[in-house]
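The values are calculated or read from the model by the stated rules, or taken from the named source; none is laboratory data. Just so you know, these numbers come straight off a predicted model, no measurement behind them. For neighbour counting, all protein chains shown are included, and Cβ atoms are generated from backbone atoms with ideal geometry for every residue, glycine included. Protein only, heavy atoms only, side chains kept; ligands, DNA and RNA dropped before computing areas. Shrake-Rupley method; radii C 1.70, N 1.55, O 1.52, S 1.80 Å.
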Amino acid sequence: KKWKKYENETYVEKPGFCEPRLYRVTAKGARLLRKHGLGNGLAAIEQINTKCWEHDLWVTDVRIIFFRKLGLKLWKPERLLKQENVKQKVPDGIVHFGSTDLVIEVERTLKKKEYYEKILTDTCSRQFRNQEIILYIMTNEADKRWLMKLAGGWVRIYFATIDDLKEMKDSVTFLNAEGKQFVLHRKEDHSNDRTNKGGQRDGDDQTFEEDV
């Protein structure tokens, strides 16, 4: 009730996402804080670049899903990856998956074609040249189809939507440009799995494409 009162009196406002948990202090609110000696030298934030915040929220949601629903706990976040590769573009996360790694990219908004042509090439031929599986998580089916087509022959890159993850029942299926599947099953801990010669992981029925 108090926060609703502050909002009605324009001391705070909602930035348009993360509701009802997040409020932004307005210039009027900042003046009131200073009046009562609570400003601590802080000024009101007139504009917020919500795209970065919204993207980070999505990445956090995906990480929670991988942990709670899929039992994949060994997630190295972008912050740590950036410390190791200061000058490189790094993914949103890397998840340890048996004998290989899952490279996670969360794409909330599409960028230009030229950007992806460079990034896909760098990802597959320079940065992750081994058996890593690259998973793109997209906003919707249209975006997924567009980027999947652009990925072309990079068969180690698989795609799903954020809704595929959020609405999964027993498993979630990622597809590559050739229509091959990479399936992650719910509530399984793969931290000690090993890949056999047939491509499946010992102890479960994961679909795992070996073609690279």
Restricting to region 54-87, what's the tally of residues that are surrounded by fewer than 18 Cβ atoms within 10 Å (Cβ to Cβ) and assigned to a strand (DSSP E or B)?
2
Unique residue being within 24 Å of G179 (Cα to Cα), assigned to a loop (DSSP other than H, G, I, E, B) and open to solvent by less than 20 Å² (accessible area, probe 1.4 Å) when the list is V95, V155, V106, V90
V155
Unmet requirement for F159, which otherwise passes all of (1) at pLDDT below 95; (2) on the phi < 0 side of the Ramachandran plot
(1)
Please go through region 135-156 and give me each residue that is closer than 22 Å to K76 by Cα and modelled with pLDDT of 95 or more, ordered by number.
L135, Y136, I137, M138
Assuming G39 fulfils every condition listed in (1) modelled with pLDDT of 70 or more; (2) open to solvent by 50 Å² or more (accessible area, probe 1.4 Å) apart from one, which condition is it?
(2)
